[in-house]
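Structure record follows, encoded as structure tokens.
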Amino acid sequence: MFLIQLSSALSVGLIAEVGPATTSWLRLLMGGLIFIAIARPKLRSIRRDDALPLIGLGAASALMSVAFLAAVDRIPLGTAVAIEFLGPLTVAAIRSHSRRALAWPFLALAGVVLLTEPWHGAVDLGGIAFALLAGVGWGSYILLTQRVGDRFPGISGLAVTIPIAAVCSAVVGVPGLVANFEWRFLLIALGLAVLAPVLPFWLEMSALRRMTPAAFGTLMAVEPAVGMLLGAIVLGQLPSAIQLTGVALVVLAGAAAQRGGSREVAGDPDVAPLSPEHLEDPDDPDRPSNPEPPAHPETPDADRPKDYE
């Protein structure tokens with residue numbers, strides 16, 4: 001979260017020179033080249049049913065990046081993050097099995113209203129629309145990242161999807177670079193790309209291999225506060241007391257919507273199975289409440305059914 005928001009705050013200078021779409025495209029282009037150089041993806045390993053998730057994740061990443069920087073160009077960073085966060089929070093609420101969880105996006109929406117302060121009459125509807133569009137991309141990104149991360153080891157999936165994102169955003173990004181080309185823009189974009197997407201997307205994919213989309217989305221509730229903090233430090237966007245209250249509501253909504261977040265991944269060294277002692281000790285807190293006895297306790301080992309093994 002810190003890396004993404006720092007990259008966004010530092011992108012404002014480049015946005016002023018080439019525009020948000022070109023800045024986003026340059027970051028994705030440089031990030032894609034870095035991932036390709038590091039991971040060297042084997043395209044022959046991609047199956048036919050992998051194509052749609054990979055293309056979908058690339059398109060979602062492009063939408064999230066382009067729309068978010070367009071929002072940052074119009075509204076404060078912390079406000080843009082809070083509005084964008086409605087996307088993953090809604091995903092978390094819909095995927096939960098509790099009707100009460102559906103109340104949390106509305107609480108976050110109330111926080112967004114406090115952040116935008118519409119009663120002052122200076123609301124940038126374009127900035128809000130771009131932030132909401134980025135939220136759609138972020139919600140889609142969370143769902144698709146888990147699927148791609150489960151299918152491809154390490155960062156090999158990102159080495160395919162980030163270049164796809166660069167291709168998807170090229171149609172809106174290339175014209176701005178052609179009209180205002182300078183070599184230093186490429187160097188600036190290279191540094192920004194390391195901050196985002198390279199490092200944070202890799203960390204997020206690693207996290208989503210072990211977590212549910214709902215838990216991941218709600219744990220990201222702190223991001224609006226991180227965005228507001230870096231907006232104040234880097235960009236001098238000091239929030240009012242009402243806006244601080246709005247961010248607090250968004251963070252509270254995300255934290256309250258959190259449900260169990262661990263995933264049992266086959267072969268994952270961090271997921272420890274229950275030991276025989278846990279099954280035998282009635283006082284052990286990790287012992288299952290109703291352990292099932294073996295189906296054929298007297299069957300010799302050689303003849304035991306595979307399910308028992």
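For the listed peptides 63-69, 121-127, 175-181, a ranking on the average number of other beta carbons within 10 Å per residue, highest first, reads 63-69, 175-181, 121-127.
Ordered by solvent-accessible area of protein heavy atoms (1.4 Å probe), largest first, the residues H120, H97 come out as H97, H120.
Once both labels are positioned 7 Å from their Cα atoms along Cα-to-Cβ, the gap between A51 and R209 label points is 2.7 nm.
The mean accessible area for residues of region 113-248, using a 1.4 Å probe and ignoring ligands and nucleic acids, is 43 Å² per residue.
Each peptide in 152-163, 71-82, 229-240 gets a packing score, the mean of other Cβ atoms within 10 Å over its residues, and the list from highest to lowest is 71-82, 152-163, 229-240. Ordering W119, W104, W25, W183 by accessible surface, largest first, gives W183, W119, W104, W25; the 1.4 Å probe counts only protein heavy atoms, with every chain in place. Distant-in-sequence amide contacts of G154, defined by a placed amide H-H separation under 5 Å and a gap of 5 or more residues or a different chain, comprise nothing. Using θ = phi - 60° in the Karplus curve 6.51 cos²θ - 1.76 cosθ + 1.60, the 3J(HN,Hα) couplings for region 130-146 round to 5, 5, 5, 5, 5, x, 4, x, 5, x, 5, 4, 4, 5, 6, 4, 4 Hz; x is entered for Gly and Pro. The candidates R27, R48, arranged from most to least accessible area with a 1.4 Å probe in the full protein assembly, appear as R48, R27.
The values are calculated or read from the model by the stated rules, or taken from the named source; none is laboratory data. Predicted model, so just to flag it, every value in this text is computed and none were measured. When we count neighbours, we look across all protein chains shown, and the Cβ atoms used for this are built from the backbone with ideal geometry, even at glycine. Calculation scope for accessible area: heavy atoms of the full protein, side chains included, ligands and nucleic acids excluded. Shrake-Rupley method; radii C 1.70, N 1.55, O 1.52, S 1.80 Å.
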